[in-house]
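This report refers to the structure that appears directly beneath it.
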Amino acid sequence: MSTLSEQSLPAEELDPQITDSCLIKRCLQGDKHSFSLLYKRYQQKVRSTLYRFGTNSNLDDLVQEVFIRVWKGLPRLRQTTHFSTWLYRITWNVATDEQRRWHQLYTQKQALSQNLQVISLSSQIEDMHYQDLVQRSLQTLSFDHRCVLVLHDLEERPQKEIAEILGIPVGTVKSRLYHARSYMRDYLKQQGLEL
């Protein structure tokens, strides 16, 4: 059963006896309809060739790219009798370009991933260094100051609850917290940390 578009075409243009050379000559004279016929004649072959080359992720775009290159390159085609060979060469070039783009993208993704891992590792090392400095500075605080600072800043307990836990007035909690933070800030600055 023929499609509607085939029914509207003159019988001579559906004839497989019309050579590629004849269609190319018409294309070169500006006949876009003849190019449409070339496209219909070869697009499925180009598609399956691209698929076999392993470039099937964006097949429609690649088929279009092949025929855009064909259209642009027709004026440079010397032997119209070798059109199919030339077309397959263009198809190969498009597939190769796509593989190259894919490889480049893959390589960039790998490099980015490795950079992120290095950044992450670097960040983890910095965090460990920072944690070590904080731990050392906590050890130099008096036990009373350390308890208030840990409960408030690290355990996020409210000052009133800390006062209840330690059995001291809220004012004493505030005073110890202030002095502990000041000491910590000075200690970390002496160790070269920018706060």
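Laboratory data are not the source of any read-out in this text; all were calculated from the coordinates shown. Note that the structure is a prediction, hence the values are computed from the model and not measured. Positions of Cβ are generated from backbone atoms using ideal geometry, with glycine treated the same way; all protein chains shown enter the neighbour counts.
Values as computed for the structure displayed
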{"quantity": "Estimated inter-spin distance, ILE18 and ARG41, nm [label 7 Å along Cα→Cβ]", "calculated": "0.9 nm"}
{"quantity": "Proximal lysines relative to LYS160, as straight alpha-carbon distance under 24 Å, when same-chain residues fewer than 8 apart are discounted", "calculated": "LYS174"}
{"quantity": "Distance in nm between pseudo-label sites at ILE165 and ARG101 (7 Å out along the Cβ direction from Cα)", "calculated": "5.9 nm"}
{"quantity": "Pairwise label distance in nanometres, TRP92 with ASP153, each label 7 Å out on the Cα-Cβ vector", "calculated": "7.0 nm"}
